[in-house]
Amino acid sequence: MILQHVFHTIVSCVLLITISTGSKPCSSREHCYQIVDTNITWYEACKICKEDDGHLIFIETAEEQQAIADQMQKRNFTARAIWIGSANVHAEDGPRWDNGENFTYVNWAKGEPSNPPGDENCAEMRTPGFKWNDRQCTYKRGYICERTDGSEPCMTVGNARHCYKIDQTENTWTEAFDICCQDGGVLVTIESEAEQKFIEDLMQNITFTVAGLWIGANELHPENQRKWANGQQFTYVNWAQGEPNNWPIVENCAEILTSDFAWNDERCSTHRGYICEYPRL
Ligand SMILES: [Ca+2]
Ligand SMILES: [Ca+2]
Ligand SMILES: [Ca+2]
Ligand SMILES: [Ca+2]
């Protein structure tokens, strides 16, 4: 139970400009955040974010601060604070983010940054309240990774990286298939429980306006010929109860439902969002 809490990970993708109006999903050119409730040092958190092609979050505007506060408010955090992206709170020329930029926005708690023993060089955001504080970098905290500049959320399977983009723009299955191909990817193939779980984590923090997202399988019937559109056999399935039912009329294309992440066969001409998957080296 405790472990579940400690390692509870929130992956969320938000476009900052539209966060206030609601529901745009993450695409590859937006800001994506991973909020992790754990207890590690600033240095460890910094390393983990860099390994994931990101960095500890730079909170550069009131909108970004608010977006994070909103995401965190939805969760019961056990970590008392989370690391944000500065180990240079007391640089001579003022606090700097780790990309060298000076702070353009701050949200310090009252009396902070205090630096009482002279070694509170790292920046944290406290939970609750979401105010910032300077703290010794070896304290143990949760953390928030941020990715920008065209990087997508990725998972590693063996030696391969698989990156994903969720788009709620409504298209037929064939249109979605073409969009992913033209973008250098494929309509997602979900080949394992781990991959399903990773995608669920991505979907969990999106407010959906569509009932389902197309995944990369069509020609679902008859059953004995069923496979992914790229020719691979199914190695894992997560059909909803009673699905694929091919009813009330021919339902030859597969979607992942936004309600509970189970799969359903649906008419290919229906308009749905979609998930593209990109192989990365
Ligand atoms: Ca930022
Ligand atoms: Ca302090
Ligand atoms: Ca896959
Ligand atoms: Ca169905």
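Some values worked out for this structure:
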read-out: Dipole magnitude of the chain about its Cα centre (Cβ charges: Lys, Arg +1; Asp, Glu -1), debye to nearest 20; value: 620 debye
read-out: Cα-based helix-to-principal-axis angle, 173-182 vs the chain, degrees rounded to 10; value: 50 degrees
read-out: Degrees, to the nearest 10: 42-51 long Cα axis against longest axis of the chain; value: 30 degrees
read-out: Alpha-carbon centroids, region 221-271 and region 30-94: separation in whole Å; value: 38 Å
read-out: Antiparallel %, DSSP beta bridges [both residues in the chain], to 5; value: 90 percent
read-out: Long pairs among Lys50/Lys110; Lys74/Lys110; Lys131/Lys197, criterion Cα-Cα beyond 28 Å; value: Lys50/Lys110; Lys131/Lys197
read-out: 3J(HN,Hα) from dihedral phi, region 184-195, Karplus parametrisation 6.51/-1.76/1.60, rounded to Hz, x for glycine, proline; value: x, x, 9, 5, 3, 10, 9, 9, 7, 4, 4, 5
read-out: CD proxy at 222 nm, helix term only [per DSSP H run n ≥ 4: -39500 (n - 2.57); per residue of the chain; nearest 500]; value: -5000 deg cm²/dmol
read-out: Amide hydrogen neighbours beyond the local backbone of Glu112, cut-off 5 Å, H modeled; value: none
read-out: Order of Asp98, Asp37 under a 10 Å beta carbon neighbour criterion, fewest first; value: Asp98, Asp37
read-out: Per-residue HN-Hα couplings for region 62-78 [Karplus 6.51, -1.76, 1.60; θ = phi - 60°; Hz; x = Gly/Pro]; value: 4, 5, 5, 4, 5, 4, 5, 4, 4, 4, 6, 4, 6, 10, 9, 7, 9
read-out: Length added when fully stretched, Lys47-Gln73, from 0.36 nm per residue minus Cα-Cα; value: 6.8 nm
read-out: Net +/- balance of residues flanking Gly85 in space, Cβ distance below 13 Å, scoring K and R +1, D and E -1; value: -1
read-out: Reach of Lys47 by Cα under 23 Å, taken over lysines that are not fewer than 8 positions away in the same chain; value: Lys140
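Each value in this text was obtained by applying a stated rule to the coordinates, not by laboratory testing. Not measured: the values here are computed from a predicted model. All Cβ positions, glycine included, derive from the backbone under ideal geometry; neighbour counts span all protein chains shown.
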